[in-house]
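One structure is given below, encoded as C-alpha cells.
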Amino acid sequence: MVQKAKILLVDDRPENLLALEAILSALDQTLVRASSGEEALKALLTDDFAVILLDVQMPGMDGFETAAHIKRRERTRDIPIIFLTAINHGPHHTFRGYAAGAVDYISKPFDPWVLRAKVSVFVELYMKNCQLKEQAELLRLQLAGAGEVREPAGLLAELSARLAAVEEQAEALSKQLDDDSADASAVATAAHLERKLTGLRRALDALEPGTGSGSPPLPSPN
C-alpha cells in the first residue's frame, strides 16, 4: 500500500484552513492543520511533509519568521514552502518571501485549480523521492546480508525491476514539467531526482556479474 503524503496547511483563520482543505481534498493526501507558526514548527518535529502552504500575515510569528525557522532545521530545510498572502506590497514583499525560502508565492484570492496543480507537482516529487530512498535502502540491506546464502542474480533482477518502475514514473513526471509554464523550482527538483536515479542505476549495474570486482559506492538517497 502506497503511503499518502502529508501536506501542512498553516493559517491563523479557520475559514482559510477549511477552504484549503476543500481545494486540496481531491489530491487524496493527508492534510494537516496548523493555526500558528509555533504549531507548524511543532508538527514538523515529528512528521515528514511533501509541501507546506504557509500564510504570511499571522499574529505573533508570521510566515516569514516561521519559514526562517523551517529552513534553519536540517530535518525540514528541503521541504518546499508555498507562501499565501492576501496583501501585495509589491516586488520587495515578494522578494522577502523568496529570500525566506519559498518556492512559490500566491496572492489571495487564488485560483483553486492553479493551487491544486502546483501542490500536486510537489506531492509527486515527494513520492518519487520516497520510492528512490526505499530502493536505495533495499539495496543496502541486500549488500549488508551478502554473507547469507542467497541468489545474487535473482536479487539483482528484482532490484533492477523495482528501480525501472521508479525511473519510468520519474520520466513521465519530467515530461509533464517540460514546458514554459512549469515552476523552475519543481523542474530543478525533478532534475535532482533524475540524477539520483541515474546514480543508483549505475551502482546497480556495477553489481552485475562481469562488471568488475568489489562493491561500488552507493548513491546517497538524500
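The values are calculated or read from the model by the stated rules, or taken from the named source; none is laboratory data. A quick note: this is a predicted structure, and the numbers were derived from the prediction, not measured. All Cβ positions, even for glycine, are placed from backbone atoms using ideal geometry, and neighbour counts span all protein chains on display.
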> Considering segment 42-74 alone, what residues qualify as being assigned to a loop (DSSP other than H, G, I, E, B) and either in contact (Cβ under 8 Å) with a residue 40 or more places away in the chain or surrounded by 11 or more Cβ atoms within 10 Å (Cβ to Cβ) (or both)?
Replying inline: 44, 47, 48, 49, 50, 56, 57, 58, 59, 61, 62, 73
> What pairs come up if the first residue lies in segment 11-25 and is modelled with pLDDT of 95 or more, the second is of a type in the set (Val, Ile, Thr) and in a helix (DSSP H, G or I), and their beta carbons are under 7 Å apart, counting only those six or more places apart or on different chains?
Replying inline: 24/119
>> Can you pull out every residue in segment 1-17 that is out of contact with any helix residue (DSSP H, G or I) (no Cβ under 8 Å at 6 or more places or on another chain) and exposed (fewer than 13 other Cβ atoms within 10 Å of the Cβ)?
In response: 1, 14, 15
> Looking at segment 119-142, is at least one residue exposed (fewer than 15 other Cβ atoms within 10 Å of the Cβ), farther than 24 Å from residue 5 by Cα and at pLDDT 70 or above?
Replying inline: yes
> Which pairs do you get when a residue that is farther than 23 Å from residue 104 by Cα, found in segment 154-183, comes within reach of a residue that is at pLDDT below 75 and in a loop (DSSP other than H, G, I, E, B), reach meaning Cβ atoms under 7 angstrom, with the pair 6+ apart or on two chains?
Replying inline: 156/207; 156/208
> Restricting the search to segment 10-31, which residues are assigned to a strand (DSSP E or B) and touching an Asp or Glu at 6+ places or on another chain (Cβ under 7 Å)?
Replying inline: 10, 31
> What single numbered condition from (1) modelled with pLDDT under 65; (2) within 29 Å of residue 29 (Cα to Cα); (3) not hydrophobic (A, V, I, L, M, F, W, C) fails to hold for residue 160?
Replying inline: (1)
> residue 47 fails exactly one of the following numbered conditions: (1) of a type outside the set (Phe, Trp, Tyr); (2) more than 15 Å from residue 115 (Cα to Cα); (3) touching a Phe, Trp or Tyr at 6+ places or on another chain (Cβ under 9 Å). What is the number of that condition?
Replying inline: (3)
> residue 30: surrounded by fewer than 17 Cβ atoms within 10 Å (Cβ to Cβ) and over 16 Å from residue 106 (Cα atoms), yes or no?
Replying inline: yes
>> Criterion first (hydroxyl-bearing (Ser, Thr, Tyr), at pLDDT 70 or above and in a helix (DSSP H, G or I)) does residue 185 satisfy it?
In response: no
